[in-house]
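Worksheet: the structure to be examined is printed underneath.
The values are calculated or read from the model by the stated rules, or taken from the named source; none is laboratory data. Because the structure is a prediction, the values reported are computed rather than measured. For neighbour counting, all protein chains shown are included, and Cβ atoms are generated from backbone atoms with ideal geometry for every residue, glycine included. Please note that ligands, DNA and RNA were not included when accessible areas were found on the heavy atoms of the full protein model with its side chains. Shrake-Rupley method; radii C 1.70, N 1.55, O 1.52, S 1.80 Å.
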Amino acid sequence: MSKATLQRRPLVKKILEGADDNLLVIAGLGSANWDVTEAGDRPLNMPLWGSMGAPVPMGLGLALAQPKKRVLVITGDGDMLMSLSSLATVAAQQPDNLAIVVLDNEKFGETGNQATATAPRNNGPTDSGAGTDLAMIAKGCGIADSGTVREAGEVAQLVKDARITKGPVFRLVKVMVEKLEFVMPPQDGAHLKDRFRQALGIKPT
């Protein structure tokens, strides 16, 4: 299999370009958080801190609670591996306003770039060498519109699928391993929650 050539930050910036009040974004912890913030911090982004495995369940709940909004989850392979069962719940609920984009560099970027289960492996004579295919898992769970993006020529369609294609949509995007500067959103969880709710017009409780 050829090496990934897509760079995550220009890709995320392209996906989020022109984001309006109809787009609610959940950013997974770590690299996905920095990617979304570098593309432009906004009140309707909900960057997660210290909550590995939470983005898809949170995105699902938000999609069900806000059916007139588009909900986009952007997270990483390590985070997605932590909550595979949430894909089955997404499939059971079939929210047509939810898209999930998993940026897969086959690494746990926040703890030393150890290989995740999506990386190719060779553990013995019966091992095919292929890593875990998250798009295939999503499809097996019942998310019919699941696929993998590897090439620059597929990015325009990825943007359309993430922003407007009827969901649920799942896209696994193979991205390069890169050492990138941290671009951090506010680190106060209460503040992030409050500004998100206020931007949605929800009165504080």
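General observations
- Contact order for region 8-199, expressed relative to its length and based on alpha carbon pairs under 8 Å spaced 6+ residues apart, stands at 24 percent.
- Loop-resident trypsin sites (Lys or Arg not before Pro) (DSSP state other than H, G, I, E or B) in region 35-90 with no more than 14 further Cβ atoms inside 10 Å of their Cβ: Lys68.
- Per DSSP, loop chymotrypsin sites (Phe, Trp or Tyr not before Pro) in region 147-205 with at most 11 further Cβ within 10 Å: Phe182
- Computed about the Cα centre, the dipole magnitude for the chain is approximately 400 debye when only Lys and Arg (+1) and Asp and Glu (-1) carry charge, each at its Cβ.
- Carbon and sulfur %, accessible surface of region 129-205 computed with the full protein complex present, 1.4 Å: 56 percent
- Shape class of region 146-205 from the alpha-carbon gyration tensor: oblate, with a/c at 1.5 or above and b/c at least as large as a/b.
- For Lys174, a cut-off of 26 angstrom between C-alpha atoms picks up these lysines, skipping any fewer than 8 places away in its own chain: Lys3, Lys13, Lys14, Lys107, Lys139, Lys160, Lys166.
- Distance from region 64-108 to region 5-46 (C-alpha centre basis), Å: 14 Å
- For Ala63, neighbours were defined as the other residues whose beta-carbon sits under 13 Å from its Cβ, and their charges (Lys and Arg +1, Asp and Glu -1) total +3.
- Take each peptide in 81-88, 45-52, count the other Cβ atoms within 10 Å of every residue, and average; sorted highest first, the result is 45-52, 81-88.
- Range in the chain, longest, excluding exposed GluC sites (Glu not before Pro) [loop by DSSP; at most 13 other beta-carbon atoms within 10 Å]: 18-150
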